[in-house]
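Right, one structure below, let's go through it.
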Amino acid sequence: MGSFQLEEFVLRKQAKTISPGGLRKLLAAVRKGAYPERDRVIVLLSVRAGLRACEIAGLTWGMALDPNSRISSVLDIHSRIAKRGSGRRVPIHPQLRSALCDLMRKSKTASIAPDQPVIRSARSGHMRANSIVNWYVTTFKTLNLEGCSSHSGRRTFITRAARSAHRAGASLRDVQILAGHRSIETTQGYIDGDTDAQRKLVKLL
């Protein structure tokens, strides 16, 4: 197993998915923080778009805006910010779109340059990936959400996408593309099991 595969394996094993109740708790907590609009986007880029910490840190407004400088219908994740060059286009969830619009309105500038970071540090520069990871560690610890990490939102996104794929006429291959994985086996490893669904499935056999 290569170093990249080992890292992905460790992250998957350590990170729990976020329940709907846990997500509500998380979003309620960030509303009370020092940077509520920014922090809400950090959460939703992970849970609703499946972005890694390095992608959240590297995302610029040019990847989220259309030619008219409005929030686009998709996030254009450039390969230069993605792990192992796994660039891709991810449709923007309505909840994430609303959060991005709020963050744009919060900006003090009249217009946002395409190369400006979506997620700014306290000093207005790019937040580093390690800072995103540490932000999640601190936030989850404060909320007593044990077993969760910066990878939990991404695992949640992939798991929910896989479970809902049949309703959209999609397949696991579509989930793989959205996740930016090179192999479908990696995507399968991210999907959390559902014991209730398993019981129902066995009863149907």
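Bear in mind these aren't lab numbers, they're just calculated from the coordinates by the rules spelled out. Small disclaimer: the values here were computed from a predicted structure and weren't measured. Cβ coordinates were reconstructed from backbone atoms using ideal geometry, including for glycine residues, and neighbour counts include every protein chain displayed.
Do we find that ALA28 is surrounded by fewer than 20 Cβ atoms within 10 Å (Cβ to Cβ) and aliphatic (A, V, I, L, M) in this structure?
Taking the combined requirement at face value, the residue satisfies it.
Restricting to the stretch 148-186, name every residue that is among the hydrophobic types (A, V, I, L, M, F, W, C) and either within 21 Å of PRO20 (Cα to Cα) or in contact with a strand residue (DSSP E or B) (Cβ under 7 Å, 6 or more places away or on another chain) (or both).
CYS148, PHE157, ILE158, ALA161, ALA162, ALA165, ALA168, VAL175, ILE177, LEU178, ALA179 - these are the residues of the stretch 148-186 that are among the hydrophobic types (A, V, I, L, M, F, W, C) and either within 21 Å of PRO20 (Cα to Cα) or in contact with a strand residue (DSSP E or B) (Cβ under 7 Å, 6 or more places away or on another chain) (or both).
Do any helices (runs of 4 or more DSSP H) entirely within the stretch 119-205 hold 2 or more residues that are touching a residue at least 12 places away in the same chain (Cβ under 8 Å), among the charged types (D, E, K, R) and crowded, with 18+ Cβ neighbours inside 10 Å, and if so, which?
152-164
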